[in-house]
1. Helix 639-649 versus the longest principal axis of the chain: what is the Cα-based angle in degrees, 0 to 90, to the nearest 10?
2. Using a simple charge model, +1 on the beta-carbon of Lys and Arg, -1 on the beta-carbon of Asp and Glu, nothing else, what dipole does region 12-306 show about its Cα centre, in debye to the nearest 20?
3. Want the number for K532 to I232: 0.36 nm per residue separation, take away the alpha-carbon distance, what's left?
4. Measure up K7/K721; K104/K261; K351/K454; K81/K532 against 29 Å on the Cα-Cα distance and list the ones that go over.
5. Taking the alpha-carbon distance from K730 and a cut-off under 13 Å, which aspartates and glutamates remain once sequence neighbours fewer than 8 residues away in the same chain are dropped?
6. Considering only I6, I529, G566, whose Cα is most displaced toward the positive end of the charge dipole of the chain, charges sitting on Cβ of Lys, Arg (+1) and Asp, Glu (-1)?
7. So how do T471, T216 line up by other beta-carbon neighbours within 10 Å, fewest first?
8. Can you check what the net charge comes to around D19, using other residues whose Cβ is under 15 Å from the Cβ of D19 (Lys, Arg +1; Asp, Glu -1)?
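Read-outs throughout are calculated quantities, based only on the coordinates presented, and are distinct from any laboratory measurement. Model, not experiment: these values are computed from the prediction. Neighbour counts are summed over all protein chains in view; Cβ atoms, including those assigned to glycine, are modelled from backbone coordinates with ideal geometry.
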Amino acid sequence: MNQDYIKPDNWSIIEEGFDVERVKSSESLFSIGNGAMGQRANFEEYYSGKTFQGSYIAGVYYPDKTKVGWWKNGYPEYFAKVLNAPNWIGIDIEINGENLDLAKCKSVSNFKRELNMKEGIYYRSFNAVLQNGTEIDVKVTRFLSLDLDELGVINYEITPLNKDAKITFKPYVDAGVHNEDANWEERFWETLDTKNLGNQAFVTARTFKTGFVATTYMHNSIFVSNEEMEIIPNNVETSSDKILFSYEVSAISNQTVSIQKLGGYTVSTNHDDTVIAAEKIIEKGLEIGYETLVENQKNAWSKIWEMSDITIDGDVKAQQGIRFNIFQLNQTYLGKDSRLNIGPKGFTGEKYGGSTYWDTEAYCIPFYMATKDQQVARNLLTYRYNQLDKAIENAAKLGFKNGAALYPMVTMNGEECHNEWEITFEEIHRNGAIAFAIFNYYRFTGDYSYIPEKGLEVLIGIARFWYQRATYSTYRNQYVILGVTGPNEYENNVNNNFYTNYIAKWCIDYAMEQIQKVKNEYASDYSRIMSKVALDDAEIMHWKKVADHMYFPYSEKHGVYLQQDGFLDKELVKVHDLDRSQRPINQKWSWDRILRSPYIKQADTLQGFYFFEDHFSREQLEKHFDFYEPFTVHESSLSPCVHSIQAAVLGRMEQAYTFYLRTSRLDLDDYNKEVEEGLHITSMAGTWMSIVEGFGGMRVKNNQLHFEPRIPKEWNGYSFKINFRNQILKISVHQNETKFTLEGNNPIAVFVNGKEVQVEPNCLVTV
């Protein structure tokens, strides 16, 4: 564990005391977002210390060109960057002629940050003594509106404590920003226009290459003792990228002065004229007013929590962890726009350089299916359908044909934009997760319509890819899949990764099943699709041959499927026998050494046992868990949740609880020692799964909900809600009983430890 400074609290993330070494970590942890944009917790005022400036707009990116030699035909043409957007939060402050800079103050005391997750509002307060001896009290409130998702709001209050003060607020908007990971000070925005009028300013800039146009705007209001002043800037500074206003205010000792700043972005993806759109947003914001905007924000978050909250009784750190995870997921993606997806860092950083990974399908969709209207999950599936043509193009670049589809490892617009070969074109198992998400969506929602409308085309493209990617081995008289990387990225270019082979077979089998079902029940869709993709029975029989004769490496000695053909050739030293000074290995060892080691980054073979749990016996799960977990270093954020779920299934509650804490507090406690780079957003959905599917034991079998409730000894109880087929079921688990309540009109039957229980609407059922 790298840090332990976040104060335990049920509903808030709290930091007390100012420490320059924690600033970048806190900038990540206190990030805010509203699905359309997001902001790291950078200070509004100037700060000369180490900081990671970051503000992000959903769907806006930059294609950084990748140049490689002739020997890498098929290599991605670019590596997408998540762009740092122009700065809208900036407010430089002068007190009696001196800049407020927390890195240079004589003293900073009573420093506190609070991210109130219940309200969706970020608070910061401190006392500071400047070099000129002026002592001030500062209180700052900031949020990104859920109702008006192009609007951000800041209220910045200053009270001089020991003397009168001349306070100058210098709010600005600035397109002259740099990315944290930029090379050679490169820039990604060109300013097209600047405009200011009265207390409003607008900077319109366009991204190089991709041509996204964004107007960054602000409106400022000045208050003295809570009375709004009729005031305009006494000075306006403009440059090619930046507009800065100056407001001078005199305050007597203990008198509060403040600036309210409205700001944010309007983007060309949503507006023809981004400046007019920005003016309208300002108008709406002023019409509503600050106090009402605050109340609306609290109400909007209250509605989200009503459905998505998980309560834990008796364990504050566990409670804080799960709420932090749920909060960040909702800040990142709300399902309003099918053009958007869930990036692994969300709006909190730039690492990984893309907006969409297989994480969405494998980990996030279950959360959104169960806590939102099913249309949200459908939008996530539609996102992939809309990029099917690009997936076919991606496969064609590698020599695949006839409509075979390889979805990208990382993408912004459907094109592959990951530039590590062993990941980009070896980690092909991501195709399987996309097919599995279609299956999972239907299993949970009962909405089959997606498959004949859109999903079947995706399944066919994926099945064609697996058929072509498999190789017939005369040696084995079976089909093999060579040169891959499984979910365990600490092994590259291996043969017959069990998980990859297994999900390939499953994808083909599932595609064939759905083709037959659509043929039998949706004749017009069937005719349309078959005509479009030019699929006939002869090709399907070729697929079947591959699926029926797929090879799975197996060790008779250990009684387990092998992660890949050469796994037993490794020196099988377990993690607990590895000197702690060598951990984490991804920061201590060379890549060559890691690749030769037996150490597993995250669930790999066990990922197959997670997806296809009902294909294996509990004894098989136990044997594979006991074999692979001791070699797993959990250096992927996606690792602890799967292991927590499986430990719970096996009744190993102490182990399940330990893994749960690790996944829920991965960022809060900085287990991977990298939180300053941003949060692990997509793995946060795994935290939700570890409670609902792990401890709650929730499964959907034959269109019915099944539960095997378990509870860690550290908890008195926990509860969660499930939106199952448009009825809300609440499950409350205690040490000796489980309670169910149903919000809906029709009774439903649920199974608890295999026994059927009838739950009537608005009635409490105790088991």
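1. On a 0 to 90 degree scale, this one is about 60.
2. On the way: 29 positive and 43 negative charges, 175 e Å.
Roughly 840 debye for region 12-306.
3. Numbers: separation 300, 0.36 × 300 = 108.00 nm, distance 6.23 nm.
Going from the current span to full extension adds 101.8 nm.
4. Details: K7/K721 27 Å; K104/K261 25 Å; K351/K454 32 Å; K81/K532 35 Å.
With Cα atoms farther than 29 Å apart: K351/K454; K81/K532.
5. Excluding near neighbours in sequence, the set is E306, D309, E743, E760.
6. About the Cα centre, the residue reaching furthest to the positive side is G566.
7. On the way: T471 14, T216 30.
Taking fewest neighbouring Cβ atoms as first place, the list is T471, T216.
8. On the way: positive: K7, R22, K24, K50, K112, R113, R124; negative: D4, E15, E16, E21, E27, D670, E676.
Net of charged neighbours comes to 0.
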